[in-house]
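**Q** The structure under discussion is supplied below as structure tokens; questions concerning it will follow.
The values are calculated or read from the model by the stated rules, or taken from the named source; none is laboratory data. Nothing here was measured: the structure is a model prediction, and the numbers come from that model. Virtual Cβ from ideal backbone geometry, glycine too; neighbours counted across all protein chains shown.
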Amino acid sequence: MFSVSVSLRKLTKISFYVPLCKRVGSLLSSPHSSVFTVNCSCIVKRHMSSEPKRIRKEKKMSAKKIGTHNGTFHCDEVLACFFLRQLPEYADAEIVRSRDPAVLAECDVVVDVGGEFDPKRHRYDHHQRGFTESFNSLCPEKPWVTKLSSAGLIYLHFGRRLLAQLMQLKEDDRLVELLYNKLYENFVEEVDAIDNGISQYDGKARYKISSTLSSRVGYLNPRWNSKSQDTEEGFRKAMKLVGEEFMDRVDFYKSSWLPAREVVEAAVKERHQVDPSGEVVLFSQGGCPWKEHLFDLENELQVETQIKFVLYPDQNGHWRVQCVPADLHSFQNRLSLLEEWRGIRDEALSELSGIKDCIFVHAGGFIGGNKNQEGALEMARRTLQAAAQCPANGSG
């Protein structure tokens, strides 16, 4: 006879945590109660003589409590609760949904209710009069000025530790900070803005977007004319939804976005080996998303002379020379390929340029091709030389 106990606190690796949660059928509660326990522990047991004593000891241990409001739920408190449940101290926490101050007072941490923001006491509401906190106001080194919701408040205070745990890195690791910034800007800030009613732009919208994470959470509330107005089941579904999406985003940034940054960083640091000007970078493998990283790294590494061209192989084994845009979302280039080459192909282009094995230059001048790495590099060099002689040449 034996007993085996497996805790999800030890199974939080990105690759299998969420699928395992899908298999754990312990998200049960009374449909008539405003308090439920989300218990993510899977226990397979057989009786043995010492087991009753161990069980009695476990029952005496008081689980921590996460408090939030009952009734209609929103994406921000659902996401805040999910964040907290990923931390070891709250992994087995009971989620208490109530607006009763006496009930909330017994909770270890309270989010999105209670009219109080006090990190020392773990109170994280944002509805009280006079609350205007943003990432920037609480962490002046960060640029985001969107008013925080409960999701942003929890992420600000616990996000680094959460990500360090998921990535199995130290909290002060540079990669953790990179993801901490990226995930706020590209995941959590949207939830903050929507919950606080902050428009993405001024003026009348041209179209509606109804598939945001916040709207999908909203659809899980009971319909106004449903016979049952119980929100507990919907809340559990919502926490599963936001959890899976957040973990998927973390996995993407860890397995795709960060490796791309490492490739771009290495290329930027080695650019003078490609061309003495330092204005050309080379990627030995094509397909790497480089633009965002290039702009960030130029600032981070204090690159004095802006990079103008990127070289990389295409799917056919040929080489491309692509212009760096003026900014991340611009269709203008820092320096376009020579105007007289644009729209010309193959032998005609090789004869015109004096460069062997040319394939094309796009009519827009933002990209060109050559059969060889040396030819693509020479196309970039010739353009740089022409621009040095006549600064207006090739711009646009």
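Every residue, every condition in (1) modelled with pLDDT of 95 or more; (2) outside any helix (DSSP H, G or I); (3) in contact with a strand residue (DSSP E or B) (Cβ under 9 Å, 6 or more places away or on another chain), yes or no:
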{"site": "221", "(1), (2), (3)": "yes, yes, no"}
{"site": "224", "(1), (2), (3)": "no, yes, no"}
{"site": "228", "(1), (2), (3)": "no, yes, no"}
{"site": "244", "(1), (2), (3)": "yes, no, no"}
{"site": "248", "(1), (2), (3)": "yes, no, no"}
{"site": "257", "(1), (2), (3)": "yes, no, no"}
{"site": "261", "(1), (2), (3)": "yes, no, no"}
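**Q** Is there any pair with a first residue in the range 316-328 that is in contact (Cβ under 8 Å) with a residue 40 or more places away in the chain and a second that is assigned to a loop (DSSP other than H, G, I, E, B) whose Cβ atoms are under 6 Å apart and which are 6 or more apart or on different chains, and what are they?
**A** 318/371; 320/314; 323/336; 323/366
One line per residue, one yes/no per condition, for (1) within 24 Å of residue 374 (Cα to Cα); (2) outside the structural domain of residue 319 (by TED's automatic domain parsing); (3) modelled with pLDDT of 95 or more:
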position: 266; (1), (2), (3): yes, yes, yes
position: 276; (1), (2), (3): yes, no, yes
position: 283; (1), (2), (3): yes, no, yes
position: 290; (1), (2), (3): yes, no, yes
position: 295; (1), (2), (3): no, no, yes
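**Q** Would you mind telling me which numbered condition in (1) crowded, with 20+ Cβ neighbours inside 10 Å; (2) of a type in the set (Val, Ile, Thr); (3) assigned to a helix (DSSP H, G or I) residue 103 fails?
**A** (1)
**Q** Applying the selection to the range 360-389, what residues are surrounded by fewer than 20 Cβ atoms within 10 Å (Cβ to Cβ) and in contact (Cβ under 8 Å) with a residue 40 or more places away in the chain?
**A** Listed by number, the residues that qualify are 366, 367, 371, 372, 373, 381, 382, 384, 386, 387.
**Q** Kindly provide the set of residues from the range 272-323 that are assigned to a loop (DSSP other than H, G, I, E, B) and closer than 18 Å to residue 335 by Cβ, ordered by number.
**A** 275, 276, 277, 278, 279, 290, 303, 304, 305, 306, 307, 308
**Q** Still on this structure: Only one residue in 175, 162, 169 is under 16 Å from residue 84 (Cα atoms) and either in a helix (DSSP H, G or I) or in contact with a helix residue (DSSP H, G or I) (Cβ under 7 Å, 6 or more places away or on another chain) (or both). Which one?
**A** It is 162.
**Q** Any idea how many residues of the range 120-135 are loosely packed, with under 14 Cβ neighbours inside 10 Å and out of contact with any strand residue (DSSP E or B) (no Cβ under 9 Å at 6 or more places or on another chain)?
**A** Result for the range 120-135: 3.
**Q** Which of (1) of a type outside the set (S, T, N, Q); (2) loosely packed, with under 15 Cβ neighbours inside 10 Å; (3) within 21 Å of residue 277 (Cα to Cα); (4) modelled with pLDDT of 95 or more is the odd one out, the single condition residue 346 does not satisfy?
**A** Result: residue 346 fails condition (3) only.
**Q** Let me ask something else. Please give the number of the condition residue 355 fails out of (1) farther than 18 Å from residue 282 by Cβ; (2) in a loop (DSSP other than H, G, I, E, B).
**A** Exception for residue 355: condition (1).
**Q** How many of the residues in the range 343-372 are charged (D, E, K, R) and in contact with a Ser or Thr (Cβ under 8 Å, 6 or more places away or on another chain)?
**A** Qualifying residue count for the region: 2.
**Q** Turning to a different aspect of this structure: Give 214, 210, 199, 256 a once-over and let me know the one that is hydroxyl-bearing (Ser, Thr, Tyr) and in contact with a Cys (Cβ under 8 Å, 6 or more places away or on another chain).
**A** Among 214, 210, 199, 256, only 214 is hydroxyl-bearing (Ser, Thr, Tyr) and in contact with a Cys (Cβ under 8 Å, 6 or more places away or on another chain).
**Q** Cβ-Cβ below 8 Å, separation at least six or inter-chain, first residue in the range 123-144 and in contact (Cβ under 8 Å) with a residue 60 or more places away in the chain, second aromatic (Phe, Trp, Tyr): which pairs?
**A** That search, which allows pairs on different chains as well, returns 126/117.
**Q** Next question. Does residue 153 count as under 21 Å from residue 191 (Cα atoms) and either in a helix (DSSP H, G or I) or hydrophobic (A, V, I, L, M, F, W, C) (or both)?
**A** yes
**Q** For residue 262, only one of the following conditions fails: (1) closer than 25 Å to residue 162 by Cα; (2) outside the structural domain of residue 82 (by TED's automatic domain parsing); (3) out of contact with any helix residue (DSSP H, G or I) (no Cβ under 7 Å at 6 or more places or on another chain); (4) in contact (Cβ under 8 Å) with a residue 24 or more places away in the chain. What is its number?
**A** Looking at each condition in turn, residue 262 falls short on (4).
**Q** Separate question: Please verify whether residue 330 is small (Gly, Ala, Ser), part of a loop (DSSP other than H, G, I, E, B) and either modelled with pLDDT of 95 or more or surrounded by 17 or more Cβ atoms within 10 Å (Cβ to Cβ) (or both), treating the condition exactly as stated.
**A** No.
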